[in-house]
Amino acid sequence: MEIPFENRLEWARRHMPRLGRALSDLPDLGGVRLAFSMHLDLKIVPLVEGLLARGAQVTVVTCNPATVRDEVVRYLKSAGAQAQAWRDMPAQAYRQAAADAIAWGPTHLCEFGADLTSAWLASPAPPPVRASLEGTGSGIARLQKLAPPYPIFNWDDLPIKEGLHNRHMVGLTTWHTFFARTGLTLHGRRVAVIGYGLVGQGVAASGRAYGGTVLVVERDPSRALQAAFEGWAVLTLEEALPQADVVVTATGAAGVLAAIHLPLLRDGAFLVNVGHHAGEIDLPALLAHPHREILPHIEEVDLDGRRVYLFARGEMANLAAGEGDSLNAFDVTLAILARGLGYLVGPGSAEPPGVYLLPRSVWEGAVA
C-alpha cells in the first residue's frame, strides 16, 4: 500500500524541531521575494511552508533534475510557492527555469551550485538582488569567479555543516542507498574512493565500517599524506581502478573518471558518484557502449565483454536513488539555512559585494 504524501510530510515535520524553532524566530518576511535553487525532496517542504507562513513570497527551481521529487513540486505549488521543476527535466528547461526565477524579480537568493547567480548575470534586466546564500563547495568556487555585485554568504564551510553533512551523512546514506538498491554489501569488496576531502573521508570511513576494503585516490599531496597517516592505502587512479569492485567519485570536479580510464575497470565494478553533478564520470564515453537498465537505478554497461554497473545514472547517489540525509541530521542543516535567511534579509543585505562565511553568531543557535 502506498503511503499518502501527507503522512510522510507529517512524519518529517515531527522530526525536524530545530527547523521549526529557527523558522519561528524569523522576523516578518512581508515584501521579501526569495528564489531558491535546491534539491527538491520531502525535507525541503517544511522549510518552504515556514517561510510562506512568515509572509515571504517564494519561487523554487531545482539545482539537480535527477533529485527532484515531482510530488514535492506539486505540494509546494498547492502551498502557495511558485515552482518550476520536474524529475529529469532536460538541460534547456533546467536553464530556462533559473532564468525565469530571476525574471520573477527576487530580492534574495538561496542556491546550491550558483545557477541563479549565473542566470542573474546573464539577464538583460537583472532585478536588484540584495544578498544570497550558497550551500555547496562547487557553488562557492564558481561564485569566486563570477563576482556578482551583492553579498553572498557561504554556509557550506561552516564547521557544523562540514562535520555533520559533508563528513558523516553523505557517506553513510550513500552506502545505505547502495545496499538497498543492489541487495549487496561491501564485505569482500574493494572500494576505491576518489577524493579525500570531507565527503570522501566520510565515504571511506563508513565504507570500512560496513565491511569494505578501502583504497584512497587523492592528487593533493597534503590530503594524500593525511589519508596515509590515517591508515588508508593511498594509490594512483591507474593503480586503484583495476582492483576496485566499487569506484566512488567524491571530488566535486568534472571528468575525474574519463574515457581513458574505462579500460582499467574490472569486470563487475560499480561506478558511484557522490558529487553535486554527474560530470565527475564521463557519461557520454561510458554510455556510448551497449547498456541496459538491469535494476532500478542500476545500468549494466558492456565494455568489450566486461560488465560495469553505473549507479543512479552517475548522479548524486544518496539523493538521486535514495532519500539523502536523515531527517534529524538535515533538521540541523535546514535550521542553519533558516537562520541564514534571517540574517540575509536583515544586516547581511547591508554588506558590500563579496563572498563571506556566514557568521557564527547567526548559525550557532541551530545546534542547540
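Read-outs throughout are calculated quantities, based only on the coordinates presented, and are distinct from any laboratory measurement. The model shown is predicted, which means the values in this text are computed figures rather than measured ones. Cβ sites come from the backbone with ideal geometry, for glycine too, and all protein chains shown count toward neighbours.
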Spin-label model distance (nm) - Glu351 vs Gln243, 7 Å beyond Cα toward Cβ: 4.4 nm
Choice from Ala119, Ala12, Ala285 showing the highest fluctuation, given a GNM over the chain with Cα pairs closer than 10 Å: Ala285
Antiparallel bridges, percent of DSSP beta bridges restricted to region 167-320 (to nearest 5): 35 percent
Computed over region 1-134, Cα set: Rg, Dmax in Å: 14.8, 50
Most mobile of Pro296, Pro221, Pro148 in a GNM of the chain (Cα contacts under 10 Å): Pro221
Hydrodynamic radius by Kirkwood, which averages 1/r over all alpha carbon pairs of region 149-198, in angstrom: 13.3 Å
Chain lengthening between Ala53 and Phe229 when straightened (0.36 nm per residue, less Cα-Cα): 58.3 nm
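Where in the chain are the DSSP H helices whose C-alpha atoms run 20 Å or more along the long axis and whose mean Kyte hydropathy is at least 1.0?
On the way: long enough: 327-344 (24 Å, 1.20).
Helices meeting the span and hydropathy rule in the chain are 327-344.
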Local net charge near Arg339, Cβ-Cβ under 14 Å (Lys/Arg +1, Asp/Glu -1): +2
Within the chain, helix-based [θ] at 222 nm, where runs of 4 or more DSSP H residues each add -39,500 (n - 2.57), nearest 500: -10500 deg cm²/dmol
Mean-position separation - Cα centroids, region 339-353 and region 171-231, in angstrom: 37 Å
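Restricting the count to DSSP beta bridges whose residues both fall in the chain, what percent are antiparallel, rounded to a multiple of 5?
On the way: 10 of 53 bridges.
In the chain, approximately 20 percent of DSSP beta bridges are antiparallel ones.
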Surrounding net charge for Asp267, when Lys and Arg each add one and Asp and Glu each subtract one, Cβ distance under 12 Å: -1
For the chain, with +1 on Lys and Arg beta carbons and -1 on Asp and Glu, the positive-most of Leu357, Tyr196, Leu52 along the dipole: Leu52
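Please work out the ratio of the alpha-carbon Rg of region 167-320 to 2.2 N^0.38 Å and round it to two decimals.
Working: Rg = 14.0 Å, N = 154, 2.2 N^0.38 = 14.9 Å.
Dividing the Cα radius of gyration by 2.2 N^0.38 Å gives 0.94.
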Label zone at Arg142, where the point sits 7 Å out along the Cα-to-Cβ direction: region 75-112 residues whose backbone N lies under 12 Å: 95, 98-99, 111-112
Zone residues, region 135-175, relative to Ser326, backbone N less than 15 Å from point 7 Å out along Cα-to-Cβ: 164-175
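Treating the beta-carbon of each Lys and Arg as +1 and of each Asp and Glu as -1, no other charges, what is the dipole magnitude of region 167-320 about its Cα centre, to the nearest 20 debye?
The calculation lands at about 360 debye.
If the viscosity is 0.890 mPa s and the temperature 25 °C, what Stokes-Einstein diffusion coefficient in µm²/s follows for region 81-233 when Rh is the Kirkwood radius over Cα pairs?
Numbers: Rh = 18.0 Å.
In µm²/s, the coefficient is 136.
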For the chain, built as a Gaussian network whose Cα springs stay under 10 Å, the top-fluctuating residue of Phe179, Phe229, Phe112: Phe229
Pairwise label distance in nanometres, Glu2 with Asp100, each label 7 Å out on the Cα-Cβ vector: 2.4 nm
Arg74-Asp157 pseudo-label distance in nm [points 7 Å out on the Cα-to-Cβ vector]: 4.2 nm
Cα-Cα separations in region 29-75 greater than 18 Å, expressed as whole percent: 25 percent
Cα-based Rg of the chain normalised by 2.2 N^0.38 Å, two decimals: 0.99
Euclidean distance of C-alpha centroids, region 256-330 and region 62-135, integer Å: 26 Å
Within straight-line cross-link reach of Lys43, lysines at Cα separation under 19 Å, skipping those fewer than 8 residues along the same chain: Lys77, Lys161
